[in-house]
1. Scan the range 56-64 and tell me whether some residue there is touching a residue at least 40 places away in the same chain (Cβ under 8 Å) and on the phi > 0 side of the Ramachandran plot.
2. I'd like to check something: does the range 295-302 contain any residue that is closer than 28 Å to residue 32 by Cβ, in the same structural domain as residue 48 (by TED's automatic domain parsing) and outside any helix (DSSP H, G or I)?
3. Kindly establish whether residue 283 is closer than 27 Å to residue 111 by Cα, within 23 Å of the chain's Cα centre (by Cα), assigned to a loop (DSSP other than H, G, I, E, B) and modelled with pLDDT of 85 or more.
4. So the check is Cβ under 8 Å with 6+ separation or different chains; which pairs have a first residue in the range 98-113 that's farther than 14 Å from residue 166 by Cα and a second one that's surrounded by fewer than 18 Cβ atoms within 10 Å (Cβ to Cβ) and at pLDDT below 55?
5. Can residue 525 be described as in contact (Cβ under 8 Å) with a residue 24 or more places away in the chain, within 27 Å of residue 599 (Cβ to Cβ) and not in a strand (DSSP E or B)?
6. For residue 265, only one of the following conditions fails: (1) within 14 Å of residue 118 (Cβ to Cβ); (2) crowded, with 19+ Cβ neighbours inside 10 Å. What is its number?
7. Applying the selection to the range 550-581, what residues are in a loop (DSSP other than H, G, I, E, B) and out of contact with any helix residue (DSSP H, G or I) (no Cβ under 9 Å at 6 or more places or on another chain)?
């Protein structure tokens, strides 16, 4: 072997021998590297080694250690809390089928953007916000092991030969990148996601062999490089990615211990891997959601970002802002949010800017005179299809024919048409007789749906609130019961069980989101449009100091008739908040965290309830809850693990971004910015006629 020629031992002085030996060793390594070009041969050489180490571990147990401990990732996660990564423009998508080449092309473009956003975000957070980013990204072309920009390689027909994407130290003389300038390499393997389903979630030998091939090439290239490395360069990180999943392979070892036999390159490398190389492999976890948006805060992304962080350290040295320093601020950030929340709560009792009280509205305490009438609970009015109900107010009488009987899991309501206008449809709600309000909680719920909601809709009408996303008050009055009414005055009631029963009639009529979800008819377009329309309704109501307080799938309806495009209306305003002393409905699944804790709403409470509703409607699993404590624990776990964002991100990136925004507002005194999210959602609504804006007016 040239690097150990015995002739060199007798040449000149010690210095000369050292110089000649070093030069010969360098030439040998370069020749060795030039011959090390085929990953398949290396994989075959590693087969026996892989079998032997696989036999030493128990079934379903990982063969290799993980590169990062969970406590390290947790600390790194805390350090990244205030780090903003660029929104990715080009994203891989596994949702819509396409040609294989087109899928690969989009994936390489997306990986290039993802790596650039990663190194840029980390560089600015830990090293410098002012210095130019010293790194670039290029794709590896397999046949010649050279690097090209993804767009250039794709346009020149090289997409089939692309194998991976690397992050490089910028070099004006080699703009596309060199092997010894490489920080890390992301290997695109379409089958990586399959390993996420395995019990050990670790790659097979075919995948691992290719990763080890590129990792060893990186280490060999560095060993013959003229670059001076700030940190130990005996380790290399290879990322394994597809359009949804990813993992990390860390290859570490001293290449000086390798036998550089140029006549037996692959045997030398395989022997070095078996005897002198330390390999660690992370579990395969989700990095992108199904639509291609990066889940920056999830553990899959954290592993990749942490590998990128260590790769930057090898070239740029230790960061100016350490992980420990940034993570230490985690507690102070939580404390700041607690203080802001306490200030906000204090302002509710004073004259602060966050006080939402409408003094002009009459009090909510309703005095009900006790009656001696013995009315049984079973005598609550039940209407049948085809029956006609007559309603009166002080100045008129009107009949409505029942066309349908509906239920919202609490009580019945109806679809009815005016006798004079059978082509029009309305929702008809029948309340409880006043003397039934005290003994039956069900009848108290009816009071909220009829009497209280009538009041809220009347106030909206008086204040001039107009939006097609809000229900319209058509009629309210009392039932005209059969037979002679013997009430003492126009304001009283007789002993008939239906006398004085209030009725509310609203429009428009549609099916609830709960019904759509049950019939599997709530998809991507419906989710985005529903979020947009509900926010528009909440924005209009909040302009008059009214908040909903009871957002759930049964209180949102989809309107398909009388409009060019379907739209959603936020109904069920009986529990709306007018004054600080009002209390919202308590729902273990959909109430906001603040409502469950304090029995009040904050500025983001309705939006938080809307997020829970969308999470459910988009396929999220709601647990069985039987206590407020359990409901709060579920919310804390879901937000901290980003389960809600991840589920919404599978449907739409803008819905995931909205959930992140709502999460950032919860527990703070900051008001909701409805307008910006209404505009963002409007841009994502798919219309049949492209280019026409969605009408959000009333």
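1. So in the range 56-64, the residues touching a residue at least 40 places away in the same chain (Cβ under 8 Å) come out as 60-64.
Then keep just the ones that are on the phi > 0 side of the Ramachandran plot; that gives 60.
So far as the range 56-64 goes, yes, one or more of its residues are touching a residue at least 40 places away in the same chain (Cβ under 8 Å) and on the phi > 0 side of the Ramachandran plot.
2. Quick first cut of the range 295-302, residues closer than 28 Å to residue 32 by Cβ only: none.
For the range 295-302, residues closer than 28 Å to residue 32 by Cβ, in the same structural domain as residue 48 (by TED's automatic domain parsing) and outside any helix (DSSP H, G or I): absent.
3. Details: closer than 27 Å to residue 111 by Cα: yes; within 23 Å of the chain's Cα centre (by Cα): yes; assigned to a loop (DSSP other than H, G, I, E, B): yes; modelled with pLDDT of 85 or more: yes.
Considered against the rule, which asks whether it is closer than 27 Å to residue 111 by Cα, within 23 Å of the chain's Cα centre (by Cα), assigned to a loop (DSSP other than H, G, I, E, B) and modelled with pLDDT of 85 or more, residue 283 comes out as yes.
4. Hits for this filter: 106/98.
5. Working: in contact (Cβ under 8 Å) with a residue 24 or more places away in the chain: yes; within 27 Å of residue 599 (Cβ to Cβ): no; not in a strand (DSSP E or B): yes.
Criteria not met by residue 525.
6. Condition (1) is where residue 265 drops out.
7. Going residue by residue through the range 550-581, those that are in a loop (DSSP other than H, G, I, E, B) are 550-552, 560-566, 571-572, 576, 578-581.
Passing the criteria: 560, 561, 562, 563, 564, 579, 581.
Residue-by-condition table, conditions (1) buried (at least 16 other Cβ atoms within 10 Å of the Cβ); (2) farther than 21 Å from residue 209 by Cα; (3) at pLDDT below 85:
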site: 4; (1), (2), (3): no, yes, yes
site: 13; (1), (2), (3): no, yes, yes
site: 20; (1), (2), (3): no, yes, yes
site: 25; (1), (2), (3): yes, yes, yes
site: 35; (1), (2), (3): no, no, no
site: 38; (1), (2), (3): no, no, no
site: 47; (1), (2), (3): no, no, no
site: 51; (1), (2), (3): no, no, no
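The values are calculated or read from the model by the stated rules, or taken from the named source; none is laboratory data. Computed from a predicted model, the values in this text were never measured in an experiment. Methodologically, a virtual Cβ is constructed for each residue, glycine included, from the backbone with ideal geometry; neighbour enumeration extends over all protein chains shown.
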